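The values are calculated or read from the model by the stated rules, or taken from the named source; none is laboratory data. Computed from a predicted model, the values in this text were never measured in an experiment. Glycine also receives a Cβ, built like all others from the backbone with ideal geometry; neighbour counts cover every protein chain displayed.
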Amino acid sequence: MLEEIRKDAEARMKKSLSALSTAFAKIRTGRAHPKILDGISVDYYGNPTPLNQVANITVEDARTLAIVPWEKPMVGVVEKAILKSDLGLNPATSGDKIRLPMPPLTEENRRDLTRIAKVEAENARVAIRNIRRDANTDMKDLLKEKEISEDEERKGSEVIQKLTDAMVKEVEGSLATKEADLMEI
């Protein structure tokens, strides 16, 4: 019973870490990376479709992405979708290929992006703590129903706390790595 609660909490906490890494991937660092475009959808015959499902996205060099839509009429649509996104990128089209140069980050932009990364990390920490609270509540409910003893409940709470501490430490490590990445010139 307690092992099921721990496994469920661990799985949910790992999903929070996964969501954090996805959020961090969308914060650009000045280097070209295809994941920066993950949040962009294009109108593909009336359906909003992720950009990576209508075009091939490759890294041309350290600061440039190359986007080649699979259908020639999609070039303009993809270009408009990139311009509408809040990424602040200006695509350059040549024939059926769109080049997306990454502008160098200013010191102010780096600080803003670091602030955004800290907010994302705090959201992940809050999610992990909420999962801990849910697991502890489940164990207290089992104690009330006399399915487990007080000692088992206390041990279970300690295990969940250790798991929470480990996951929060991973969030801190991810944040430190991202901050170093952002502040690197």
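Where strands (runs of 3 or more DSSP E) fall wholly inside segment 1-115, the ranges with 2 or more residues that are buried (at least 17 other Cβ atoms within 10 Å of the Cβ) are 41-44, 55-61, 64-69, 97-101.
Specify which of the listed residues (R63, R115, R110) is assigned by TED's automatic domain parsing to the domain that holds V168, in contact with a Gly (Cβ under 9 Å, 6 or more places away or on another chain) and of a type in the set (D, E, K, R). Lay out the reasoning, then the answer.
Values: R63 fails: assigned by TED's automatic domain parsing to the domain that holds V168; R115 fails: in contact with a Gly (Cβ under 9 Å, 6 or more places away or on another chain).
Answer to the selection: R110.
For segment 144-159, a tally of residues being more than 34 Å from the chain's Cα centre (by Cα), in a helix (DSSP H, G or I) and closer than 16 Å to E3 by Cβ returns 2.
Restricting attention to segment 173-185, the residues being acidic (D, E) and surrounded by fewer than 12 Cβ atoms within 10 Å (Cβ to Cβ) number 1.
Identify, from the list V171, V126, the residue that is touching a residue at least 12 places away in the same chain (Cβ under 8 Å), part of a helix (DSSP H, G or I) and among the β-branched types (V, I, T).
Result: V171 is the single residue among V171, V126 that is touching a residue at least 12 places away in the same chain (Cβ under 8 Å), part of a helix (DSSP H, G or I) and among the β-branched types (V, I, T).
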